[in-house]
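Below is one structure, written out as structure tokens, with a few remarks after it.
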Amino acid sequence: MDYAIGWAESALEDLKDLVRYIAADNPDAAERFGKAIIRRVEVLATFPRTGRIVPELSDDLLREVIWTPYRIVYEVDDSLLRVSVVRVWHGARGELEI
């Protein structure tokens, strides 16, 4: 059974900020970028543990998929069959903030 996908407010703001930033120079690229991130997240509904454990947090429930140079960080809740995206983090921003 597929997991439901949810987005924390922090992840939604991250994605909106990134799309706005890219759109300032190239609106078409911004749209492609936003859709690509969403498609990458949708895969987690079927394969919620496809991402690695976030190295600096060492919590089996907090995982990430890399879409270079971005880290899509999410939490797995097996009891609710839910994946919640918590951050879309650009690697150049340094240490992850949850």
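Values quoted throughout were computed directly from the atomic coordinates according to the rules given, and no laboratory measurement underlies them. As the structure is a computational prediction, the values presented were derived from the model and not from experiment. Positions of Cβ are backbone-derived with ideal geometry, glycine not excepted, and every protein chain shown enters the neighbour counts.
Data overview
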read-out: Contour excess over end-to-end distance, with Cα ends at R32 and T50 and 0.36 nm allotted per residue; value: 4.2 nm
read-out: Listed peptides 34-45, 63-74 by packing density, highest first (mean Cβ within 10 Å); value: 63-74, 34-45
read-out: Reported label for calculated Rg/Rh (Cα atoms, Kirkwood Rh) given (i) 1.00; (ii) 0.97; (iii) 0.95; value: (ii)
read-out: Centre separation in Å (Cα based) which lies between segment 48-75 and segment 18-43; value: 20 Å
read-out: Residue-wise HN-Hα coupling along segment 51-63, computed from phi with Karplus coefficients 6.51, -1.76, 1.60 (Hz; x: Gly, Pro); value: x, 7, 5, 4, x, 7, 10, 6, 10, 4, 8, 9, 10
read-out: CD proxy at 222 nm, helix term only [per DSSP H run n ≥ 4: -39500 (n - 2.57); per residue of the chain; nearest 500]; value: -10500 deg cm²/dmol
read-out: Degrees separating the helix 27-42 axis from the principal Cα axis of the chain, which is the longest one; value: 0 degrees
read-out: Hydrodynamic radius by Kirkwood, which averages 1/r over all alpha carbon pairs of segment 29-70, in angstrom; value: 11.3 Å
read-out: Using alpha-carbon coordinates, inclination of helix 9-23 to the longest axis of the chain, degrees; value: 30 degrees
read-out: Inter-site label distance for S79 and W67 at 7 Å from Cα along Cβ, in nm; value: 3.0 nm
read-out: Amide H within-cut-off set for W67, under 5 Å, with H built and near neighbours excluded; value: I72
read-out: For segment 74-88, 3J(HN,Hα) per residue [Karplus equation, 6.51 cos²θ - 1.76 cosθ + 1.60, θ = phi - 60°, Hz, x = Gly/Pro]; value: 9, 10, 9, 10, 5, 5, 9, 6, 9, 10, 10, 6, 10, 8, 10
read-out: Percentage relative contact order, segment 4-93, counting C-alpha pairs under 8 Å, at least six apart; value: 33 percent
read-out: Burial ranking of peptide ranges 52-62, 87-97 (average Cβ count within 10 Å, highest at the top); value: 87-97, 52-62
